[in-house]
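Pasting a structure below so you can have a look.
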Amino acid sequence: MSLDRVGQWCDRGILALALALLVFGPLAMGCVQPWSFVVLQSLTVGLLGLWGLRLWLERRPELLWPPICWPVLLFLLYALVRYCTADIESVARQEWLRVVVYGSVFFTVLNNLHGQGETRWIAFTMIGLGMGLSFYAIYQFVTDSNRVWGFISPYRHRGMGTYINPNHLAGFLEMVAPLAFTYAVASRAHPVVKVVLAYAGLVMCAGLVVTMSRAGWVAGGTMLLLAFVVLALRSAHRWLALVMLAVLVGAGIYFLPKSFVLKKRWELVQRDLAEGEISDVRPALWRAAIELWRENPWWGIGPGHFDYRFRQIRPASIQQRPDRVHNDYLNALVDWGVVGGFLLGGILVCLVVGVVQTWPYVRGSLVDLGGRSSNKFAFVFGASLGLGALAIHSLADFNLHIPANAVLAVTWVALLSSHLRFSTDRYWFRARLPAKIGLSMVLAAVAGYLAKEAWRAAWEQVALARADVLPDCSPAQVAELQKAWSIEPRNPRTAYRLGEALRIQSFEGADHYRELAEQAMRWYEMAMRLNPYDPYPWLRYGMCLDWLEQHKEAQRYYDRALELDPNNHYLVAHMGWHYVQMQQWAAARAWFERSRKLHWKDNLMADRYLGIIRDKLLAAAASPDKADQHGGQQRQDQPVGVTRSGTAW
């Protein structure tokens, strides 16, 4: 087989892996779970390996290096520095790995998949996938199902496709739907293909509607309206664009009043637009993000650290974990600081400037502005609209922190940047021998690093999966968790789970309960070191000291847990539990009452203990001597108010 033939197979392999990566992400619930991101890492390793091979098979290899490559490269280097200096290594490492994957996809697509054939393959595959996900979302909405591949989503009466969160499906669809319409109207595709593309676009619009994502409606609707207005200005496409717009508007007018859920959701959108704010917890998260950013404005608090640092300034009205800021711009600022925000802003500016510079060369001349169809124009216009919709949606959500959506956005950015070659040749560089050697070493180093991390993460996930199916807190589960720890000794969550399993075994009254409690405390200490902002190891350490009747020593651990998360109703209730172990009923009552104020609904621990404390206080008031005698004779086989599983009520 000739070298040219091998090179062609490398090209096809890169395209196939890129398509697999783009398709797998959305189908794997956005790739937010560790095991699914391992697959993305592995596919990225394959991309880098084929690129390196192709580099040596071409007789005169060339590299495309538009201006956007410089801020991308600088941000990659900056992300490495911030990972190495972060407070929580495991969290920062996951963010760093994502950045490496996105950067690898960007440079690989830019330099290997910039041909019109490859661009069309990627665009049509994403349009087909978007249509399939939309059908699934419509089915979920019509049948009122919240199942996703057998998993249960917390979102009801909404279509989420293969994502857990419907807002993230909206983010995917708004990036793809404009492309379907621009290809249907302005490309050189066969008329039958155009009909299918238009139908796919309509289905994706329906899918976007049933997600019930208000930000998705605003972002997608704005960009689709802009698409049809611009297309209507081109004389050859005017009537087709106006007909499609009329169909969309007519369908909305017809179906919106017929669905109670859609109508109520639309009323919320109208109210938010009228009041100029979003009627949910997002403003509180934004204020918290700004407060955290002020701690370290230049460098940020650390990659992915918001969810852990948020606890210290948690408003009393928010008891759930927010995960992200629900605003990608603020999230970038609080995690990466002004320096990181500046570099990311540089990427955005270079992209916009590049699209503006490319526009005259893909839209056609003024003479044939409305007359000539163009695949280049269809893609550049559609992908730009998709990224514009994502930019609007990012004001109220975190789609760029969902790997599946981020990879798609990076692919659109790379393909748009590659179209700069139509405006000038000065961004092409001949890869001579020194450049080939240097680039090959970089590709090998990045691929090797990703492969090593993927291999370790895969085996860790296997061990954790085995532990999950074993009886909770059993010796067999402890053994599997210890295997996971031996594979990845930097995961504070595994250390915490080991501490929990041993603590609960101790609380259940094992003969060697003291030894088990001490072992649990050592694992909690490890978790504290690996994640100094997690309050739960401190809480559980204090509970172990209470169990060992070292109440005075336990106090500082409870205090530290509340310093890390002062408005957490669960931690506040456990402070009451601590006073119950010392039989200080009045002090315990104050803490449980505060816990109920923070979270009054389904706060079983506070409700039950307040009843117990009321009975104790009434008994003490009726017969103080008898109550004291009873309290002094209480057995310590199990802490007061602990269930069979060993967890506090």
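Val39 is checked against (1) surrounded by fewer than 20 Cβ atoms within 10 Å (Cβ to Cβ); (2) within 23 Å of Ser417 (Cβ to Cβ); (3) under 22 Å from the mean Cα position of the chain (by Cα) and fails just one. What number does that condition carry?
That leaves (2) as the condition not met.
List the pairs whose first member sits in segment 457-486 and is surrounded by 16 or more Cβ atoms within 10 Å (Cβ to Cβ), whose second member is of a type in the set (A, V, I, L, M, F, W, C) and not in a helix (DSSP H, G or I), and whose Cβ atoms are under 6 Å apart, counting only residues at least 6 apart or on separate chains?
Pairs that qualify, where the first residue is surrounded by 16 or more Cβ atoms within 10 Å (Cβ to Cβ) and the partner is of a type in the set (A, V, I, L, M, F, W, C) and not in a helix (DSSP H, G or I), are Gln477/Leu470.
Oh, and also: Specify which of the listed residues (Gly345, Gly354, Gly382) is surrounded by fewer than 24 Cβ atoms within 10 Å (Cβ to Cβ), part of a helix (DSSP H, G or I), touching a residue at least 40 places away in the same chain (Cβ under 8 Å) and not hydroxyl-bearing (Ser, Thr, Tyr). Outline the logic, then answer.
Numbers: Gly345 fails: touching a residue at least 40 places away in the same chain (Cβ under 8 Å); Gly382 fails: surrounded by fewer than 24 Cβ atoms within 10 Å (Cβ to Cβ).
Unique residue meeting the criteria: Gly354.
Something else now. Return yes or no: is Tyr557 under 20 Å from Arg309 (Cα atoms), free of Cβ contacts under 8 Å to residues at least 24 places away in the same chain and either in contact with a strand residue (DSSP E or B) (Cβ under 8 Å, 6 or more places away or on another chain) or buried (at least 23 other Cβ atoms within 10 Å of the Cβ) (or both)? So that I can check it myself, show each step before the final result.
Working: under 20 Å from Arg309 (Cα atoms): yes; free of Cβ contacts under 8 Å to residues at least 24 places away in the same chain: yes; either in contact with a strand residue (DSSP E or B) (Cβ under 8 Å, 6 or more places away or on another chain) or buried (at least 23 other Cβ atoms within 10 Å of the Cβ) (or both): yes.
Against the criterion (under 20 Å from Arg309 (Cα atoms), free of Cβ contacts under 8 Å to residues at least 24 places away in the same chain and either in contact with a strand residue (DSSP E or B) (Cβ under 8 Å, 6 or more places away or on another chain) or buried (at least 23 other Cβ atoms within 10 Å of the Cβ) (or both)), Tyr557 qualifies.
Next up: Which of the numbered conditions does Arg234 fail, given that it passes all the others? Conditions: (1) surrounded by fewer than 19 Cβ atoms within 10 Å (Cβ to Cβ); (2) over 24 Å from His393 (Cβ atoms).
(1)
Residue by residue, here is whether (1) modelled with pLDDT under 95; (2) in contact with a Gly (Cβ under 8 Å, 6 or more places away or on another chain); (3) more than 22 Å from Leu113 (Cβ to Cβ); (4) assigned to a helix (DSSP H, G or I) holds:
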position	(1), (2), (3), (4)
Asn405	no, yes, no, yes
Leu415	no, no, no, yes
Leu420	yes, yes, no, yes
Thr424	yes, no, no, no
Ala447	no, yes, no, yes
Leu464	no, no, yes, yes
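Okay, next question. Could you look through segment 56-80, keep only residues that are in a helix (DSSP H, G or I) and more than 30 Å from the chain's Cα centre (by Cα), and pick out the one that is surrounded by the fewest Cβ atoms within 10 Å (Cβ to Cβ)? Give the derivation first.
Filtering segment 56-80 down to residues in a helix (DSSP H, G or I) leaves 56-57, 69-80.
Next cut, more than 30 Å from the chain's Cα centre (by Cα) only: 56-57.
Details: Trp56: 14, Leu57: 18.
The extreme case among them is Trp56.
Do you know which residues across segment 104-115 are outside any loop (DSSP other than H, G, I, E, B) and either closer than 14 Å to Leu21 by Cα or in contact with a helix residue (DSSP H, G or I) (Cβ under 6 Å, 6 or more places away or on another chain) (or both)? Show your work before the answer.
To start, the set of residues in segment 104-115 that are outside any loop (DSSP other than H, G, I, E, B) comprises 104-112.
The answer is Ser104, Val105, Phe106, Thr108, Val109, Leu110, Asn112.
Then there's this: Can you give me the number of residues within segment 2-25 that are of a type in the set (A, V, I, L, M) and at pLDDT below 95? First the steps, then the outcome.
Step one: of segment 2-25, the residues of a type in the set (A, V, I, L, M) are 3, 6, 14-23.
Checking the rest, the ones that are also at pLDDT below 95 come to 3, 6.
Qualifying residue count for the region: 2.
Condition first: exposed (fewer than 11 other Cβ atoms within 10 Å of the Cβ) and modelled with pLDDT of 80 or more. Can you find one or more residues in segment 249-269 that meet it? Give the steps one after another, and end with the answer.
If we filter segment 249-269 for residues that are exposed (fewer than 11 other Cβ atoms within 10 Å of the Cβ), which is where we start, we get 250, 253-254, 258, 260, 267.
Filter once more, keeping what is modelled with pLDDT of 80 or more: none.
Within segment 249-269, not a single residue is exposed (fewer than 11 other Cβ atoms within 10 Å of the Cβ) and modelled with pLDDT of 80 or more.
For Ile14, state whether it is farther than 30 Å from Met528 by Cβ and either touching a Cys at 6+ places or on another chain (Cβ under 6 Å) or not assigned by TED's automatic domain parsing to the domain that holds Thr411 (or both).
Details: farther than 30 Å from Met528 by Cβ: yes; either touching a Cys at 6+ places or on another chain (Cβ under 6 Å) or not assigned by TED's automatic domain parsing to the domain that holds Thr411 (or both): no.
When the stated conditions are applied, Ile14 does not pass them.
Follow-up. State yes or no: is Tyr136 in a helix (DSSP H, G or I), in the same structural domain as Pro26 (by TED's automatic domain parsing), under 25 Å from Phe429 (Cα atoms) and not basic (Lys, Arg)? Steps first, please.
Numbers: in a helix (DSSP H, G or I): yes; in the same structural domain as Pro26 (by TED's automatic domain parsing): yes; under 25 Å from Phe429 (Cα atoms): no; not basic (Lys, Arg): yes.
Answer is no for this residue.
Also: Quick check on Phe141: is it part of a helix (DSSP H, G or I) and out of contact with any His (no Cβ under 8 Å at 6 or more places or on another chain)?
Numbers: part of a helix (DSSP H, G or I): yes; out of contact with any His (no Cβ under 8 Å at 6 or more places or on another chain): no.
It is false that Phe141 is part of a helix (DSSP H, G or I) and out of contact with any His (no Cβ under 8 Å at 6 or more places or on another chain).
Ok, one more. Going by the structure shown, is Ala177 outside any loop (DSSP other than H, G, I, E, B), assigned by TED's automatic domain parsing to the domain that holds Lys376 and not polar (S, T, N, Q)? Before the answer, list the steps.
Details: outside any loop (DSSP other than H, G, I, E, B): yes; assigned by TED's automatic domain parsing to the domain that holds Lys376: yes; not polar (S, T, N, Q): yes.
The answer is yes for Ala177.
Any idea which of (1) within 23 Å of the chain's Cα centre (by Cα); (2) more than 22 Å from Arg98 (Cα to Cα) is the one Asp328 doesn't satisfy?
If we test Asp328 against (1) within 23 Å of the chain's Cα centre (by Cα); (2) more than 22 Å from Arg98 (Cα to Cα), just (2) comes out false.
Could you check segment 312-332 and list, in sequence order, the residues that are buried (at least 19 other Cβ atoms within 10 Å of the Cβ) and not in a loop (DSSP other than H, G, I, E, B)?
Kept after step one, since they are buried (at least 19 other Cβ atoms within 10 Å of the Cβ), are these residues of segment 312-332: 314, 322, 324-328, 330-332.
The answer is Asp328, Leu330, Asn331, Ala332.
Same structure again: Looking only at segment 193-231, how many residues end up being surrounded by fewer than 24 Cβ atoms within 10 Å (Cβ to Cβ) and either among the β-branched types (Val, Ile, Thr) or in contact with a Gly (Cβ under 6 Å, 6 or more places away or on another chain) (or both)?
Matching residues across segment 193-231 total 8.
Right, next: Of the numbered conditions (1) hydroxyl-bearing (Ser, Thr, Tyr); (2) surrounded by fewer than 24 Cβ atoms within 10 Å (Cβ to Cβ); (3) modelled with pLDDT of 95 or more, Tyr163 satisfies every one except a single condition; which is it?
(2)
The values are calculated or read from the model by the stated rules, or taken from the named source; none is laboratory data. Being a predicted model, the structure only gives us computed values, none of them experimental. For neighbour counting, all protein chains shown are included, and Cβ atoms are generated from backbone atoms with ideal geometry for every residue, glycine included.
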